[in-house]
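The block underneath contains the structure these notes are about, expressed in structure tokens.
The values are calculated or read from the model by the stated rules, or taken from the named source; none is laboratory data. Since the model is a prediction, treat every value here as computed from it, not as a measurement. Positions of Cβ are generated from backbone atoms using ideal geometry, with glycine treated the same way; all protein chains shown enter the neighbour counts. These area figures cover heavy atoms from the full protein model, side chains too; ligands, DNA and RNA do not enter into them. Shrake-Rupley method; radii C 1.70, N 1.55, O 1.52, S 1.80 Å.
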Amino acid sequence: MEQQHKRRVRYKGTHPRKFEEKYKEHNPEKYADTIEKVISKGSTPAGMHRSIMVDEILDFLQIQPGQKGLDATLGYGGHTRRMLERLQGQGHICALDVDPIEIVKTRERLEHAGYGSQILTVLQENFADIDRIAAEHGPFDFILADLGVSSMQIDDPDRGFSYKVEGPLDLRLNPEKGVSAADRLKGLTQDELAGMLVENADEPFAAEIAAEVIRTLRRREPIQTTTQFKAVIERALSNLPDNSEKKDLVKKTCQRTFQALRIDVNSEFEVLEAFLDKLPGALAPCGRVAILTFHSGEDRMVKKAFRQGKKQGVYSGISDEVLRPSAEECRQNGRARSTKMRWAVRNA
């Protein structure tokens, strides 16, 4: 039977509105001009991720041909590719990601760029298991961990990471494991939810949001989608004065609440704690590590671990202050604004 040709989805108007219609931005290698226009406006094209603080990271890591490295958070592969370039065909990088969807795309993207298994090993692993990975592939001369959620995950409505678009309230980095955010909400008490919002996001309206979530669930109203959860947050803030500041306040509260729930669903603080505890053993003598954080809680954990390591003689040097993206990078990429970078050097 002859296979019928299937045309791509057409959209109304001059610009695609739905994520699935953005065929150009899903294949940036084919439509470089379109992608360049989107980036020039300070936006990140749907389905893409723009690596942050690349020059600062490379300046610190001082990668040399022949070294072994680890990208603990592969994502779109932007950092990995720039680190591979520094190896000049000599050495090896091991790259990890828990996301079964994006890891396939990134592996293919890097293979197409000429980085195959001879110089790059891609593993669907959690960086909390860095000790086991280092035992097989390390120790590493350089390690990078970018703790931010990739833009292509945020932009895909099916992943449920954004309150801005309709999608299932999932928030899992690996949707094949664990429970969704919607199911997680059902298993929390009001006090537990309020505590989680404070701990994970310093949310000032934690008590009001937790109370409204419980009231909604008791009325047997569903909180299964991103927009349903957003509506709950908006109801929790309904008693705030209607003024010019309210819209921005609701927006920031939604951002913090979704972030807090995502951190909880993926056990992100527990994973980071395990990674930091095992990190020195994964580094070669004089090995270097750079970590990008996007949350004050993450930064506090990294700062504490590095300072303890320096005090114990594990690290010969650490960053005394955080490094931040340049004003120009923040202007070109708004998602870079909250980034903090810290580094450490293993003793000899």
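Assorted remarks:
- If you go through region 138-154 and keep only what is of a type in the set (A, V, I, L, M), closer than 21 Å to residue 93 by Cα and either without any contact (Cβ under 8 Å) to a residue 24 or more places away in the chain or assigned to a strand (DSSP E or B) (or both), you end up with 143, 144, 145.
- Cβ separations smaller than 6 Å between residues 6+ apart or across chains give the following pairs from region 220-239 residues that are touching a residue at least 40 places away in the same chain (Cβ under 8 Å) to residues that are open to solvent by less than 10 Å² (accessible area, probe 1.4 Å) and of a type in the set (Phe, Trp, Tyr): 223/229.
- Among residues of region 156-167, those that are surrounded by fewer than 22 Cβ atoms within 10 Å (Cβ to Cβ) and either touching a His at 6+ places or on another chain (Cβ under 8 Å) or assigned to a helix (DSSP H, G or I) (or both), counted: 2
- When 319, 338 are checked against the criterion of being under 19 Å from residue 79 (Cβ atoms), out of contact with any helix residue (DSSP H, G or I) (no Cβ under 8 Å at 6 or more places or on another chain) and open to solvent by less than 70 Å² (accessible area, probe 1.4 Å), 338 stands alone in meeting it.
- Scanning region 245-285 for residues that are closer than 20 Å to residue 144 by Cα and touching an Asp or Glu at 6+ places or on another chain (Cβ under 7 Å) turns up 272, 278, 281, 282, 284.
- Within region 120-137, considering residues that are outside any strand (DSSP E or B) and in contact with a strand residue (DSSP E or B) (Cβ under 6 Å, 6 or more places away or on another chain), the one least open to solvent (accessible area, probe 1.4 Å): 127
- Those residues of region 194-219 which are in contact (Cβ under 8 Å) with a residue 24 or more places away in the chain and among the small types (Gly, Ala, Ser), in sequence order: 201, 211
- All positions within region 259-286 that are among the aromatic types (Phe, Trp, Tyr) and open to solvent by 10 Å² or more (accessible area, probe 1.4 Å): 269
- Any hit, region 178-193, residues being closer than 24 Å to residue 69 by Cα, touching a residue at least 60 places away in the same chain (Cβ under 8 Å) and open to solvent by 30 Å² or more (accessible area, probe 1.4 Å): no
- In region 298-315, the residue that is nearest to residue 278 (Cα to Cα) out of those that are part of a helix (DSSP H, G or I) and either aliphatic (A, V, I, L, M) or without any contact (Cβ under 8 Å) to a residue 24 or more places away in the chain (or both) is 305.
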